[in-house]
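Visitor: This is the structure I have questions about; it appears just below.
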Amino acid sequence: MGKLFDLIEEHRDRHRPYEPSYSQVAEQVDVSKQTLLNWRAPVKLPTAEHLASLARITGVPYLRVLDAALHDAGYLPEPASKPHVRRGKGRGGQVSRGGGGPRRGEGSGDQ
C-alpha cells in the first residue's frame, strides 16, 4: 500500500468506530471512489488541488501529503539510512567562523 493511502487509512482509523467510508472520503476530496482506491498504488500524481483537499480533511500538513504522493509516484526513493549532515561545525566541534581559503591539499597548489 502506498504512503498516500496510509494517510487516508490513518484518518479513517482516528474516527473509529464511526470512520468515514471510502466513498465519503472520496467525495470530500472531490474524486471518485475508484480514484481514491487507486491511490493504494498510484501510477501518477494526484492534482495539487486533490492533495490540498486530502491535507485539509485529514488534518495532515500539506507537505507531508505531498511527500507521500511523491514517494508513491517514485520521485522520492526510500532513504537507506539517515545521511549525516555537518552543519556549521569546524574542527574539534568549534563553530566555523567562515573566512579562509581552501584547506591544505584542496586546490591551494601545495601537495
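A short reminder: the numbers here are calculations on the coordinates, not readings from a lab. These figures come from a predicted structure and were not determined experimentally. We place every Cβ from the backbone using ideal geometry, glycine too, and count neighbours over all the protein chains shown.
Visitor: List the trypsin sites (Lys or Arg not before Pro) in region 24-76 that DSSP assigns to loop (not H, G, I, E or B) and whose Cβ has at most 11 other Cβ atoms within 10 Å. Which are they?
Guide: LYS44
Visitor: For region 9-14, in order, what is each residue's ³J(HN,Hα) by Karplus, 6.51 cos²θ - 1.76 cosθ + 1.60 with θ = phi - 60°, in whole Hz (x at glycine and Pro)?
Guide: 4, 4, 4, 5, 5, 5
Visitor: Under unit Cβ charges (Lys, Arg +1; Asp, Glu -1), what dipole magnitude, rounded to 20 debye, does region 3-72 have relative to its Cα centre?
Guide: Dipole size: approximately 40 debye.
Visitor: Could you list the GluC sites (Glu not before Pro) in region 1-66 that lie in coil according to DSSP, counting only those with at most 16 other Cβ atoms within 10 Å of their Cβ?
Guide: In loop regions of region 1-66 (DSSP not H, G, I, E or B), there are no sparsely surrounded GluC sites (Glu not before Pro).
Visitor: For region 64-71, what does the Karplus curve 6.51 cos²θ - 1.76 cosθ + 1.60, with θ = phi - 60°, yield as ³J(HN,Hα) per residue in whole Hz, taken in order and with x for Gly and Pro?
Guide: Each residue of region 64-71 in turn: 5, 5, 4, 4, 4, 5, 5, 5 Hz.
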